[in-house]
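The values are calculated or read from the model by the stated rules, or taken from the named source; none is laboratory data. As the structure is a computational prediction, the values presented were derived from the model and not from experiment. As a convention, Cβ positions derive from the backbone with ideal geometry for all residues, glycine included, and neighbour counts pool all protein chains shown.
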Amino acid sequence: MSNKRLFPPVASSEITPESAYLSRRTFMRASAALLTTGIAADSGSASPRTGGEALNYQRASPSANGFHTAEDQTPQDDVAAYCNFYEFGTEKSDPASYAHEMSVDPWSIEVDGEVSRPGKLHLEDIMSGFDLEERIYRLRCVEAWSMVVPWVGFPLAKLLARFEPTTRARYVEFSTLYDSQQMRGTRSLTGLIEWPYREGLRLDEALHPLTLLSVGMYGKTLPNQNGAPIRLVVPWKYGFKSIKSIVKIRLVEKQPVTSWELFAPSEYGFYSNVNPEVDHPRWSQKSERRLPSTLFRPNRIETKKFNGYEEQVASLYTSMDLKKQY
Ligand SMILES: Nc1nc2c(c(=O)[nH]1)N[C@H]1C(S)=C(S)[C@@H](COP(=O)(O)O)O[C@H]1N2
Ligand SMILES: [Mo]
């Protein structure tokens, strides 16, 4: 499958270095000039299994705002091979095997509910309409593994602003594409998860500068199994809040019901903030296996409150009992 229609080649004269998407060919021609502004070297060929179209973006600057971490990055192959994307099956290897059956071209996101200007954004307009930046985030799965990934994206707040949330908007609900033809996991996993996969955030969480809409990782467009063409990354919450392959965003007054809450309300709450002091009913959350992790080198480390982003996000939860509102 080709991404050509999605990403038409543009003349380099039309490109602003921080915001525009570059086709591979333009990238090759312009690479010498653009390397200094932070464009990634692109070694693989474009493929939905590996991602692969080079992106132009601003590099993360090391600072205290949480946009960067000096911790070792998880090798790209591990992040692309060991995934949770239940639409394609429950095995960690299923998404890498089957997510290429999903077509991500064309793609659009519909935004409605409590907004003054409801509408649809096509991926082309998303790619050209927002300045892309790199964020090196830890992501901690509820099943106690974690990774460090250089995501490429832009703050969710910038997208929401375009649709002008009304004063009644208090929560944001997200939905993944649901197409049983293309998502073989939804055909076998009936009754377990109610499709489409749905997630939610309180509006202030959604508007927090750490909350990222990601269109790429490791300098290139997302592999399908990691949520192409656009997914959420909320680094202080368990990984399941970082919903993949988003087609719908709805601003709402009442707290939305999420897929994992529907599935097991006693195990997965709405907030799902990473918290070593609140164990999952079936396992401890005090530590995590940082990928790559093997039987002989489990690479086990202590889990930090809010996944280490306490300084940035603790103020969102000052009046809450996080043991009750987990
Ligand atoms: N649509 C959808 N989004 C999803 C999931 C899923 O099953 N379906 N799994 C979640 C879980 S449990 C985790 S840990 C992260 C994993 O992201 P990664 O596979 O890119 O590492 O995606 C989240 N987003
Ligand atoms: Mo997860």
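What the table below lists for this structure:
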read-out	value
From the options Glu124, Glu71, Glu91, Glu114, residue that is out of contact with any Cys (no Cβ under 6 Å at 6 or more places or on another chain) and crowded, with 20+ Cβ neighbours inside 10 Å	Glu114
Pair list, Cβ < 7 Å and 6+ apart or interchain, from region 254-270 residues that are over 23 Å from Ala169 (Cβ atoms) and of a type in the set (Gly, Ala, Ser) to residues that are away from ligand 1 (no atom under 15 Å from the Cβ) and not in a helix (DSSP H, G or I)	Ser266/Pro281
Residues satisfying the stated conditions in region 129-141, i.e. outside any strand (DSSP E or B) and closer than 10 Å to Glu288 by Cβ	Cys141
Some residue of region 92-106 being aromatic (Phe, Trp, Tyr), away from ligand 1 (no atom under 11 Å from the Cβ) and modelled with pLDDT of 95 or more	yes
Qualifying residues in region 117-169 (those that are of a type in the set (Lys, Arg) and closer than 22 Å to Phe306 by Cβ) - the one farthest from ligand 2 (Cβ to nearest atom)	Arg135
Scope region 212-239; condition within 16 Å of ligand 2 (Cβ to nearest atom) and not in a strand (DSSP E or B); matching residues	Gln225, Asn226, Gly227, Val234, Pro235, Trp236, Tyr238, Gly239
Residues of region 203-248 satisfying the condition of being touching a Lys or Arg at 6+ places or on another chain (Cβ under 7 Å) and either surrounded by fewer than 20 Cβ atoms within 10 Å (Cβ to Cβ) or without any contact (Cβ under 8 Å) to a residue 12 or more places away in the chain (or both)	Leu203
Criterion violated by Ala70 - all others in (1) under 21 Å from Asn307 (Cβ atoms); (2) at pLDDT 95 or above satisfied	(2)
Residues (out of contact with any helix residue (DSSP H, G or I) (no Cβ under 8 Å at 6 or more places or on another chain), part of a strand (DSSP E or B) and hydrophobic (A, V, I, L, M, F, W, C)) located in region 142-164	Trp145, Val148, Trp151, Val152, Phe154
Matching residues, region 271-309, being touching a residue at least 24 places away in the same chain (Cβ under 8 Å) and charged (D, E, K, R)	Glu277, Glu288, Arg289, Arg290, Glu302, Lys304, Lys305
Residue that is nearest to the chain's Cα centre (by Cα) [pool: residues in region 127-146 that are of a type in the set (Phe, Trp, Tyr) and crowded, with 19+ Cβ neighbours inside 10 Å]	Tyr137
Among the candidates Glu143, Glu173, Glu164, residue that is more than 15 Å from ligand 1 (Cβ to nearest atom) and either in contact with a Pro (Cβ under 9 Å, 6 or more places away or on another chain) or among the charged types (D, E, K, R) (or both)	Glu164
Some residue of region 193-205 being within 13 Å of Leu232 (Cα to Cα) and assigned to a helix (DSSP H, G or I)	yes
Some residue of region 75-87 being out of contact with any helix residue (DSSP H, G or I) (no Cβ under 8 Å at 6 or more places or on another chain), away from ligand 1 (no atom under 11 Å from the Cβ) and in contact (Cβ under 8 Å) with a residue 12 or more places away in the chain	yes
Where a residue in region 55-69 is part of a loop (DSSP other than H, G, I, E, B) and its partner, wherever it lies, is polar (S, T, N, Q), with Cβ under 8 Å and at least six apart	Leu55/Thr221; Asn65/Gln312; Gly66/Gln312; Phe67/Ser61; His68/Ser61
